[in-house]
Amino acid sequence: MEEHIQRRVAKNETLFREVNEAIERGQWPGEQDSPAAFRCECGRLDCNELVSLTPREYERIRSKPRRFVVLTGHELEEVETIVTTGDGYLVIEKRDEAGQLAEANDPRD
Ligand SMILES: [Zn+2]
């Protein structure tokens, strides 16, 4: 993938990740195990889809800066490795340069 496209994709994913952090923070403590609608964190610029998972599951994925949650079929095998398969979603890990960009853009840094 060309570098400028990779950067745009990484920027997009980081934006969705920030949205998801806000969703996660908006949950009450007792709702950690109730499914919530998180944004699909794939690199598609026109993706507006939602992924249903609990804040506890999201937090587990999110604790690794290279990992993202995407709908099944929204993975980019060129730069990502599938870590786990959930109910309708996948947890992917960025490889190589995409992984470095994801770490550099991590809003938790
Ligand atoms: Zn998507």
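Please treat every number below as a calculation from the coordinates, not as lab data. Everything numeric in this text was worked out from a predicted model, so none of it was measured. Cβ sites come from the backbone with ideal geometry, for glycine too, and all protein chains shown count toward neighbours.
Descriptive notes on the structure:
- Scanning the stretch 30-65 for residues that are small (Gly, Ala, Ser), part of a loop (DSSP other than H, G, I, E, B) and touching a Leu at 6+ places or on another chain (Cβ under 9 Å) returns a single hit, Gly43.
- In the stretch 24-41, the residues that are under 18 Å from Val69 (Cα atoms) and small (Gly, Ala, Ser) reach residues that are more than 16 Å from the ligand (Cβ to nearest atom) and part of a loop (DSSP other than H, G, I, E, B) with C-beta atoms within less than 8 angstrom, at least six apart or across chains, in these pairs: Ser34/Gln27; Ser34/Thr54; Ala36/Gln27; Ala36/Thr54.
- Hits in the stretch 66-80 (condition: assigned to a strand (DSSP E or B) and closer than 9 Å to Ile92 by Cβ): Arg67, Phe68, Val69, Val70, Glu80
- Count of residues meeting criterion [touching a Pro at 6+ places or on another chain (Cβ under 9 Å) and surrounded by fewer than 13 Cβ atoms within 10 Å (Cβ to Cβ)] in the stretch 29-80: 2
- Of the residues making up the stretch 1-58, those that are within 13 Å of the ligand (Cβ to nearest atom), of a type in the set (Val, Ile, Thr) and farther than 21 Å from Thr84 by Cα number 2.
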